[in-house]
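One structure below.
The values are calculated or read from the model by the stated rules, or taken from the named source; none is laboratory data. Quantities reported herein were computed from a predicted structural model and do not represent experimental measurements. Cβ placement follows ideal geometry from the backbone for every residue including glycine, while neighbour counts extend to all protein chains displayed. For accessibility, only protein heavy atoms count, side chains too; no ligands or nucleic acids. Shrake-Rupley method; radii C 1.70, N 1.55, O 1.52, S 1.80 Å.
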Amino acid sequence: MAKNYPKSVRIVEVSPRDGLQNVKAEVPIETKLALINQLCDAGVKDIEVSSFVSPKWVPQMADASDILAQLPARADTKYIVLTPNLKGFDRALECGAKEVAVFAAASETFSQKNTNCTIDESLKRFEPLMQKALDNGIKVRGYTSCVLGCPYKGDVSIDEVVRITKTLIDMGCYEVSLGDTIGIGTPLKAQKMIEAVLQQVSAEKLALHFHDTRGQALANILACLEYGIPNIDASVAGLGGCPYAKGASGNVSTEDIVYMLHGMGIETGIDLDKLVAAGHYITDQLKGTNNSRIAAIGH
Ligand code: HMG
Ligand code: MG
């Protein structure tokens, strides 16, 4: 197949949510908001800022309402919050959310561990949420997790990845992000999965959400980019990981993906220097390691 790289890519920055949800120590809200502000200043236009999940399940996200109340007022930036069920959606709506994300998985075991229900129960839960979102003019993004493997069961069925992704689109999600939750995929496997999904859903409605656990994320993303997918989720400093996915570590670093895209002549609208500064800021605050290679060479 001819390489069909997109001319521009929309980056969905997930560090305030995916990047921080797994951090054990409480991160002060001022730090989270400063990170979001710096991401905005770097030109990021889509930011997943928090999640309205159960605070018992993910204590780090317990301040979602306060985050929403204090977001920088920017007409050109879209803020997204994760909502696992109607309860989470209602909380988000009350706080003025304009866009939410629902998440399902292609693995039964992961679905149980992450959301305490089967795959089909999770899809059923989204139906009233989608209806309410439609009634209130709220955009809904979808996730299919474990698209290249499950932390508990290993291989997943590509047919199941396709079924869930198509169901989310048919329900009204404007886009579905395909999650390699535990960064287990390799490029040809990723291409096989994308080719199957593209039989049912067009490239503009798909996003790539690849964790970098085994150092494969850039290679996997490049392999999938050939199919013209114009949306990529990423996290500054390569932060990230799901508390219910054993062994999951960070997302692909936004600095590294932006460097790669710009080098390929693919626009993102992002200022790499400011992005690197944002990654250093949050790493310093967390007293952690910056996993971006571009940040490490002092860009
Ligand atoms: P459950 O315990 O089955 O919920 O959890 P329940 O409906 O039985 O309710 C139990 C209690 O929780 C009740 O309170 C509810 O009100 C409350 P009680 O009566 O005991 O006082 N509750 C809530 N409270 C606040 N917000 C809510 C909410 N829902 C119920 N939304 C549930 C089910 C889905 C809530 C739980 O399993 C959960 O919160 N899971 C989320 C786990 C999570 O956030 N994982 C990480 C995000 S996903 C991810 O990282 C993958 C991704 O990055 C893509 C990829 O990498 O592949 C997106
Ligand atoms: Mg993730």
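Yes/no per residue for (1) hydroxyl-bearing (Ser, Thr, Tyr); (2) in contact with an Asp or Glu (Cβ under 9 Å, 6 or more places away or on another chain); (3) over 14 Å from Leu35 (Cβ atoms):
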| residue | (1), (2), (3) |
| --- | --- |
| Gln216 | no, yes, yes |
| Ile232 | no, no, yes |
| Tyr244 | yes, no, yes |
| Gly298 | no, no, yes |
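Kindly provide the set of residues from region 68-117 that are more than 20 Å from Ser15 (Cβ to Cβ) and at pLDDT below 95, ordered by number.
Residues satisfying the conditions are Ala73, Ala75.
May I ask you to list the residues in region 231-269 that are assigned to a loop (DSSP other than H, G, I, E, B), open to solvent by 50 Å² or more (accessible area, probe 1.4 Å) and within 17 Å of Gln216 (Cα to Cα)?
Gly247
From Lys113, Lys78, grab the single residue that is surrounded by fewer than 23 Cβ atoms within 10 Å (Cβ to Cβ), basic (Lys, Arg) and more than 16 Å from ligand 2 (Cβ to nearest atom).
Of Lys113, Lys78, the one residue that is surrounded by fewer than 23 Cβ atoms within 10 Å (Cβ to Cβ), basic (Lys, Arg) and more than 16 Å from ligand 2 (Cβ to nearest atom) is Lys78.
Condition check ((1) within 16 Å of Leu286 (Cβ to Cβ); (2) open to solvent by 10 Å² or more (accessible area, probe 1.4 Å)) across all residues:
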{"site": "Glu13", "(1), (2)": "no, no"}
{"site": "Pro16", "(1), (2)": "yes, no"}
{"site": "Gly19", "(1), (2)": "yes, no"}
{"site": "Val23", "(1), (2)": "yes, yes"}
{"site": "Lys32", "(1), (2)": "yes, no"}
{"site": "Leu39", "(1), (2)": "yes, no"}
{"site": "Lys45", "(1), (2)": "no, yes"}
{"site": "Val53", "(1), (2)": "no, yes"}
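Testing Leu123 on (1) within 16 Å of ligand 2 (Cβ to nearest atom); (2) in contact (Cβ under 8 Å) with a residue 40 or more places away in the chain; (3) part of a helix (DSSP H, G or I); (4) within 23 Å of Arg17 (Cα to Cα), one condition comes back false. Which one is that?
(1)
Considering (1) in contact with a Leu (Cβ under 8 Å, 6 or more places away or on another chain); (2) open to solvent by less than 20 Å² (accessible area, probe 1.4 Å), say which one Gly228 fails and leave the rest.
So Gly228 meets the others, but not (1).
When the residues of region 151-167 are filtered to those that are away from ligand 2 (no atom under 16 Å from the Cβ) and in a helix (DSSP H, G or I), which remaining residue is most open to solvent (accessible area, probe 1.4 Å)?
Of everything passing the filter in region 151-167, Asp159 is most open to solvent (accessible area, probe 1.4 Å).
Among Ala223, Ala207, which is surrounded by 19 or more Cβ atoms within 10 Å (Cβ to Cβ) and within 16 Å of ligand 2 (Cβ to nearest atom)?
Only one candidate qualifies: Ala207.
Does region 139-155 hold any residues that are within 14 Å of Gly172 (Cα to Cα) and either within 15 Å of ligand 1 (Cβ to nearest atom) or polar (S, T, N, Q) (or both), and which are they?
We begin by selecting, within region 139-155, every residue within 14 Å of Gly172 (Cα to Cα); these are 139-143.
Selection gives Val140, Arg141, Gly142, Tyr143.
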